[in-house]
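Okay, structure first, notes after.
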Amino acid sequence: MEGVLSLQRFPSSAIQRRLSPFNLHRLTRSSSCAPLRAQQSGITEGSDNASSALEGKVSDVKITEPKVNMYQNEVVDSQGIKIRRRPPTGPPLHYVGPFEFRLQNEGNTPRNILEEIVWHKDKEVSQMKEKRPLYTLKKALDNVPPPKDFVGALKSAHQRTGLPGLIAEVKKASPSRGILREDFDPVEIAQSYEKGGAACLSVLTDEKYFKGSFENLQAIREAGVQCPLLCKEFIVEAWQIYYGRSKGADAILLIASVLPDLDIKYMIKICKILGMATLVEVHDEREMDRVLAIEGVDLIGINNRNLETFEVDIGITKKLLEGERGELIRQKDILVVGESGLFTPEDIAFVQEAGVKAVLVGESLVKQSDPGKGISALFGRDISE
Ligand SMILES: O=C(O)c1ccccc1NCC(=O)[C@H](O)[C@H](O)COP(=O)(O)O
């Protein structure tokens, strides 16, 4: 076959190993099981790393396993997930039936910035887990104040002002816009947001691409800011949820273009066990339809930014809330957040008219000399209490 580096039949044991989708490991003798990310995070049956909170409730994790003969890449393909996970060194391996092969010249380089970020995360999280194995986080969780009600804060703000509840983002830089604010004091910005009427805060914790950190998240929490905090991180496995909680996070972001349904479902269960909210982010109809079919979703973010091309279109929010989708969201009482590209009161009115009850705003606020005052300009009036 032209361009095939190596074509070989792999041993039947490997077939068996690969046939268990996501290499699922049962957590209990019941039908519950954990997808790959949980397994990679050491949350597997008999693991002394599993948190006691998780062990106690794991029997609640009832997840239907994908069809036994679906390979992991077939599962993600069937869900339209284009973002690949970091391959082991060398070009990605491909499997067709009993054969595995590598394609010549198929680079093992990311195809876009989101894939690059995810590959970086895979590596970064592996290194972080070496330093902070899950069982060590358990002790930290015992000493962290209980999580705040992220969804409740958004609903209260919306009821109080009649405008979408604001998630104000503490973001120094981004791949699409570079450095947004040179004089960046995360605690000062957070306090200014809170004073200006933000219901919740989103804190970037990725260092390499956003110049954020988990230390920023912890400092904001420990500075006495009362707003619930979203850990704005690229979650690729469950360990990160525990780590975010240990740093004071009240909510976690799960990105549908990165995570298969089973991972999202399992991670929502973990967040519920830890008392955290999950903001599940979508960008197109297919991702919205996938997420609407996942049990336990009560907060959906529509990102107007294409995270692969950086194109921003607030019409995305309107498009994804039209027709039956919008009706289903209202029936399920799911709170929708409009994210990205919101700069003016007209933008806010547009997405509110589309059906959002909250908005997530970064650039247009963080660039203001007084970010809290920028909130009044964004909403066209003072929304502070
Ligand atoms: O903003 C980017 O360049 C970016 C690139 C790749 C992945 C995520 C990215 N941004 C995260 C966000 O979605 C935004 O920080 C957030 O929605 C706020 O957007 P904005 O108000 O436009 O700063």
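The values are calculated or read from the model by the stated rules, or taken from the named source; none is laboratory data. Since this is a predicted model, take the numbers as computed values, not measurements. Here Cβ is always computed from backbone atoms with ideal geometry, including for glycine, and neighbour counts include all displayed protein chains. Note: accessible area is taken over every heavy atom of the protein model, side chains too, but ligands, DNA and RNA are not part of it. Shrake-Rupley method; radii C 1.70, N 1.55, O 1.52, S 1.80 Å.
Here are some notes:
- Rg to Rh quotient for segment 134-182, alpha carbon positions, Kirkwood Rh: 1.18
- Counting Lys and Arg as +1 and Asp and Glu as -1 over every other residue whose Cβ lies under 14 Å from the Cβ of Asp289, the net charge comes to -2.
- Over 20 Å (Cα to Cα) - which of Lys121/Lys269; Lys155/Lys195; Lys265/Lys332; Lys272/Lys332; Lys172/Lys269; Lys121/Lys247 fall in this group: Lys121/Lys269; Lys172/Lys269
- Restriction of the trypsin sites (Lys or Arg not before Pro) in segment 176-236 to DSSP coil positions whose beta-carbon has at most 16 other beta-carbons within 10 angstrom yields Arg177, Lys208.
- Among Lys131, Lys367, Lys82, the order of accessible area from largest down is Lys131, Lys82, Lys367, computed with a 1.4 Å probe on protein heavy atoms.
- Compactness of segment 164-225, expressed as Rg and Dmax over alpha-carbon positions, Å: 11.2, 31
- Dipole magnitude of segment 141-379 about its Cα centre (Cβ charges: Lys, Arg +1; Asp, Glu -1), debye to nearest 20: 420
- Semi-axis lengths (Å, descending) of the ellipsoid that matches the C-alpha gyration tensor of segment 141-379: 24, 22, 17
- Segments 300-308, 118-126 sorted - mean Cβ within 10 Å per residue, highest first: 300-308, 118-126
- Centre-to-centre separation between the Cα atoms of segment 241-263 and those of segment 271-324: 14 Å.
- Packing order of peptides 149-156, 108-115, highest average first: 149-156, 108-115 (average count of other Cβ atoms within 10 Å over each peptide's residues).
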